[in-house]
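Chemist: Submitted below is the structure of interest, expressed as structure tokens.
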Amino acid sequence: MDENQTQVVKDFVLAGFSQTTSTEAGLFVLFLFFYVFTWVGNVLIMVTVASDNYLNSSPMYFLLGNLSFLDLCYSTVTTPKLLADFLDNDKLIRYDQCIAQLFFLHFVGAAEMFLLTVMAYDRYVAICRPLHYTTIMSRGLCCVLVAASWMGGFVHSTVQTILTIRLPFCGPNHVDNFFCDVPPVIKLACTDTFVIELLMVSNSGLISTSSFVVLVSSYSTILVKIRSKEGRRKALSTCGSHLMVVTLFFGPCIFIYARPFSTFSVDKMVSVLYNVITPMLNPLIYTLRNKEVK
């Protein structure tokens, strides 16, 4: 296709989960519950941290409040459209809306990856250098690290979006997922996307995989440096919630983005895990593991 040819695809059709009305009605109720629980749980954490002087002054809970805000943003990028599509047989999404959804999905998702890495560093300082914790993890540094997480997410998402919008879309418009994401969207381009796929895999795949390696390495270092059984027990208790979040969030992301853009039947269910389930479980994981939040 000529690079100067104007784009002709104005709408995409999202595959959804089922074409059966009764099934989609049941899924609507289920995912509505997930979304409401996500909002209630994360808003409660944000309000609790903001209203309690002790929690608000603690770097760990300051970062946790920011994580809850990111979870709200992340789930809101895809879930409202998913709920609307359960009630709509067409499941159409305009091209500009699709690109916007793709941009904000990677923007917030990458920012959350970076923030989880920051939280791992916070736990490393708290456990391995407790006497210098308040000095190192000052409020100023925490704000800088949070801002850097958002900026990193913005840069990552901008690269992904620019690579996508430069592609010509002239024919197929059926997105094989319930939201617009890079792998299923670029498959619809009317040109060879091999090089673009390599660039995007090296971008998203590298970020998710390297962040996961850094996180696991930091927690392993914490456990190695602590000699006493009691100290290791406390460290596992403190970091256990973080490890659960890391596993639930990074595992599916690595599966989706750190491989060539081929389609598997389980992709939709894996996408549900990190788009819908993880933002909902974060409040439960952190509140059940932290006495201060409870």
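The values are calculated or read from the model by the stated rules, or taken from the named source; none is laboratory data. Here the structure is a predicted model, which is why all the values come from computation and not from measurement. Because the Cβ atoms are built from the backbone with ideal geometry, glycine has one as well, and the counts that use them run over all protein chains shown. Calculation scope for accessible area: heavy atoms of the full protein, side chains included, ligands and nucleic acids excluded. Shrake-Rupley method; radii C 1.70, N 1.55, O 1.52, S 1.80 Å.
Chemist: Restrict the check to the stretch 136-148 and report whether at least one residue is closer than 18 Å to Phe250 by Cβ, open to solvent by 40 Å² or more (accessible area, probe 1.4 Å) and assigned to a helix (DSSP H, G or I).
Modeler: Taking every residue of the stretch 136-148 in turn, none turns out to be closer than 18 Å to Phe250 by Cβ, open to solvent by 40 Å² or more (accessible area, probe 1.4 Å) and assigned to a helix (DSSP H, G or I).
Chemist: Same structure again: Can you tell me which residue within the stretch 178-191, out of those that are open to solvent by less than 30 Å² (accessible area, probe 1.4 Å) and over 18 Å from the mean Cα position of the chain (by Cα), is farthest from Tyr274 (Cα to Cα)?
Modeler: Ala189
So that you can scan it fast, the table gives a plain yes or no per residue for (1) out of contact with any Gly (no Cβ under 9 Å at 6 or more places or on another chain); (2) open to solvent by less than 50 Å² (accessible area, probe 1.4 Å); (3) hydrophobic (A, V, I, L, M, F, W, C):
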| residue | (1), (2), (3) |
| --- | --- |
| Val155 | yes, no, yes |
| Leu163 | yes, yes, yes |
| Asp176 | yes, no, no |
| Leu236 | yes, no, yes |
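Chemist: Between residues in the stretch 210-238 that are over 23 Å from Ala110 (Cα atoms) and in a helix (DSSP H, G or I) and residues that are modelled with pLDDT under 70 and among the aliphatic types (A, V, I, L, M), which pairs lie under 7 Å by C-beta distance while being six or more apart or on different chains?
Modeler: Sorted first by the residue in the stretch 210-238, then by its partner, the pairs are Ile222/Ala235; Leu223/Ala235.
Chemist: I'd like to check something: does the stretch 212-223 contain any residue that is at pLDDT 85 or above, open to solvent by less than 50 Å² (accessible area, probe 1.4 Å) and under 28 Å from Thr79 (Cα atoms)?
Modeler: Within the stretch 212-223, one or more residues are at pLDDT 85 or above, open to solvent by less than 50 Å² (accessible area, probe 1.4 Å) and under 28 Å from Thr79 (Cα atoms).
Chemist: For the stretch 192-204, state whether one or more residues are open to solvent by less than 70 Å² (accessible area, probe 1.4 Å), under 25 Å from Ile99 (Cα atoms), of a type outside the set (D, E, K, R) and assigned to a loop (DSSP other than H, G, I, E, B).
Modeler: Yes, the stretch 192-204 contains at least one residue that is open to solvent by less than 70 Å² (accessible area, probe 1.4 Å), under 25 Å from Ile99 (Cα atoms), of a type outside the set (D, E, K, R) and assigned to a loop (DSSP other than H, G, I, E, B).
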